[in-house]
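Here the structure is laid out as structure tokens; the discussion comes afterwards.
The values are calculated or read from the model by the stated rules, or taken from the named source; none is laboratory data. Nothing here was measured: the structure is a model prediction, and the numbers come from that model. Here the Cβ positions follow ideal geometry from the backbone for every residue, glycine too, while neighbour counts run over all protein chains shown. Keep in mind that these areas ignore ligands, DNA and RNA; they rest on the heavy atoms of the full protein, side chains included. Shrake-Rupley method; radii C 1.70, N 1.55, O 1.52, S 1.80 Å.
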Amino acid sequence: MTWAEWLTPERLITLVISVTLIEGLGLWAYRRRTGKGVAGGEFIANWVSGLCLMLALLSAVRGSWWVWVSMWLLASGLAHWSDVWRRWER
């Protein structure tokens, strides 16, 4: 398999999703082990929002039904909104 065959948009997006999942688990494990780093509540909504955007992109690249793409985009927007709401100074 050549690099051009391996580096398809679907595979690249899947790779980025995988790295993002590993990043989140790594941040969680580091915080749990050391008590340092970013608290889960500080990054989870932002992290989920990004993952949902990548899943929407992956669904679109795969030619999924438009409703699936819309659902991932809606989930991303809701996660983003909850992050902004939590950080908003009252």
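Among the helices (runs of 4 or more DSSP H) confined wholly to the stretch 2-90, which include 2 or more residues that are touching a residue at least 40 places away in the same chain (Cβ under 8 Å)?
Working: elements: 3-6, 9-34, 40-61, 66-87.
Of the helices (runs of 4 or more DSSP H) lying wholly inside the stretch 2-90, those with at least 2 residues that are touching a residue at least 40 places away in the same chain (Cβ under 8 Å) span 9-34, 40-61.
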How many residues, within the stretch 24-43, are farther than 17 Å from Asp83 by Cβ and surrounded by fewer than 16 Cβ atoms within 10 Å (Cβ to Cβ)? 9
When residues of the stretch 44-78 are limited to those that are aromatic (Phe, Trp, Tyr) and crowded, with 18+ Cβ neighbours inside 10 Å, the one farthest from Pro9 (Cα to Cα): Trp47
Can Leu53 be described as under 23 Å from Leu74 (Cα atoms) and in contact with a Ser or Thr (Cβ under 7 Å, 6 or more places away or on another chain)? yes
Would you confirm, using the coordinates I've provided, whether Trp81 is at pLDDT 90 or above and open to solvent by 100 Å² or more (accessible area, probe 1.4 Å)? yes
